[in-house]
Amino acid sequence: MLLDVADLEVRYGRTHAVRGVSLSVAPGEVVTVLGANGAGKSSLLKALAGAVRPAAGRIWLAGQDITALAAPDRVRQGLVLVPEGRQILVSLSVRENLLMGAYCRRDAEVGRDIDAIYDRFPNLAARRDMPASVLSGGEQQMLAISRALLARPKLMMLDEPSLGLSPLLVSRLFGLIGELNREGLAILLVEQNTRMALRAASRGYVMELGRVVLDGPAEKLANNDALAAAYLGGH
Ligand code: ATP
């Protein structure tokens, strides 16, 4: 497995946000984590990224125990998080935002990778020297994903990337997720857009009140009546 998580616990004082979660992601796999607001999905991703210290549990990346590693060291090992709400720096230029994604790298190929991003996203190329505040919501999400790509990750974690995007941009975003995956990137996708997420993923986990209550192949989850009633109804 590329990522292995065992019995992870996250607490904020008396709030027990993640309760004994175990999950895995194989190399090159797309896995989704579903669940209602407050189920603990963001806390799980933050703990995996090293932004929140787990109260218990173990995390392995490519067989190496990274539980005690600081966040930048996890990025160096190939684990990146695109946080909820993009978190790009709107007063910095597009190019400066991209460079931030490469802060852990020492190699000479950063410029080449940025050019590849510009080739992929002409809208970012055209605005490379403008403040990121001029970008639309969809372009800001592309910038956030591009910034994460500049770390040359093995596994990208995306926290509700479709939030606030129009249906057209949501389908473009999922197109990009599929494209990156075909290029070999493994993806751990937290989504409220259950239908799209289950279409993109090969497996999924459903969280409720901090626990995994259901997991399995995406196709099976998509046909699960209880899940359909809770998350798929009416959409
Ligand atoms: P959302 O979709 O709303 O982000 P989520 O499934 O990602 O929901 P979390 O954001 O991980 O869930 O929240 C899980 C629980 O932990 C909630 O009860 C939330 O109020 C609480 N929580 C999250 N962050 C903190 C924090 N920094 N301090 C205290 N409690 C927190």
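The values are calculated or read from the model by the stated rules, or taken from the named source; none is laboratory data. Keep in mind the model is a prediction, meaning the values are calculated, not measured. Glycine also receives a Cβ, built like all others from the backbone with ideal geometry; neighbour counts cover every protein chain displayed.
Only one entry of ARG86, ARG106 meets the criterion of being closer than 22 Å to THR32 by Cα, among the basic types (Lys, Arg) and at pLDDT below 95, and that entry is ARG86. Residue count for the stretch 31-66 under the criterion of being assigned to a loop (DSSP other than H, G, I, E, B) and either hydrophobic (A, V, I, L, M, F, W, C) or buried (at least 19 other Cβ atoms within 10 Å of the Cβ) (or both): the result is 10. Figure legend. Inter-residue proximity from the stretch 168-184: first residues over 19 Å from SER136 (Cβ atoms), second residues modelled with pLDDT of 95 or more and of a type in the set (A, V, I, L, M, F, W, C), beta-carbon distance below 6 Å, spacing 6+ or different chains. Indicated pairs: ASN181/VAL30; ASN181/ILE187.
So, in the stretch 99-146, exactly how many residues are under 21 Å from GLN77 (Cβ atoms) and either part of a helix (DSSP H, G or I) or not basic (Lys, Arg) (or both)?
Keep residues of the stretch 99-146 that are under 21 Å from GLN77 (Cβ atoms), which gives 99-110, 113, 144-146.
With either part of a helix (DSSP H, G or I) or not basic (Lys, Arg) (or both) added as a condition, the list becomes 99-104, 107-110, 113, 144-146.
The number of residues fulfilling the criteria is 14.
If a residue has to be away from the ligand (no atom under 16 Å from the Cβ) and farther than 12 Å from ILE145 by Cα to count, how many in the stretch 69-85 make the cut? Of the residues in that region, 10 qualify. Listed by first and then second residue, the pairs with beta-carbon distance under 9 Å, at least 6 apart or on different chains, first residue in the stretch 206-218 and in a loop (DSSP other than H, G, I, E, B), second basic (Lys, Arg), are LEU209/ARG19; GLY210/ARG19. Give me the residue from the stretch 97-125 that is among the acidic types (Asp, Glu) and out of contact with any Lys or Arg (no Cβ under 8 Å at 6 or more places or on another chain) and, out of that set, nearest to GLY175 (Cα to Cα). Residue satisfying both the conditions and the ranking: ASP119. When restricted to residues that are in contact with a strand residue (DSSP E or B) (Cβ under 9 Å, 6 or more places away or on another chain) and of a type in the set (S, T, N, Q), the stretch 100-151 contains 1. Considering only residues of the stretch 1-30 that are of a type in the set (Asp, Glu) and more than 16 Å from the ligand (Cβ to nearest atom), which is surrounded by the most Cβ atoms within 10 Å (Cβ to Cβ)? Among them, the one singled out is GLU29.
Residue by residue, here is whether (1) within 16 Å of the ligand (Cβ to nearest atom); (2) in the same structural domain as GLU29 (by TED's automatic domain parsing) holds:
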| position | (1), (2) |
| --- | --- |
| LYS46 | yes, yes |
| ARG58 | no, yes |
| THR67 | no, yes |
| GLN87 | yes, no |
| GLU96 | no, no |
| MET100 | no, no |
| ARG112 | no, no |
| LEU135 | no, no |
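What residue, among those in the stretch 67-83 that are closer than 24 Å to SER162 by Cα and assigned to a loop (DSSP other than H, G, I, E, B), is modelled with the lowest pLDDT?
PRO83
Quick check on the stretch 183-202: of everything there that is away from the ligand (no atom under 16 Å from the Cβ) and touching a Leu at 6+ places or on another chain (Cβ under 8 Å), which residue is nearest to PRO27 (Cα to Cα)? Among those residues, the one meeting the criterion is ALA186. Is it the case that THR32 is in the same structural domain as ALA222 (by TED's automatic domain parsing) and within 22 Å of ALA200 (Cβ to Cβ)? It is true that THR32 is in the same structural domain as ALA222 (by TED's automatic domain parsing) and within 22 Å of ALA200 (Cβ to Cβ).
Within the stretch 130-150, the set of residues being under 17 Å from the mean Cα position of the chain (by Cα), small (Gly, Ala, Ser) and modelled with pLDDT of 95 or more comprises ALA144, SER146, ALA148.
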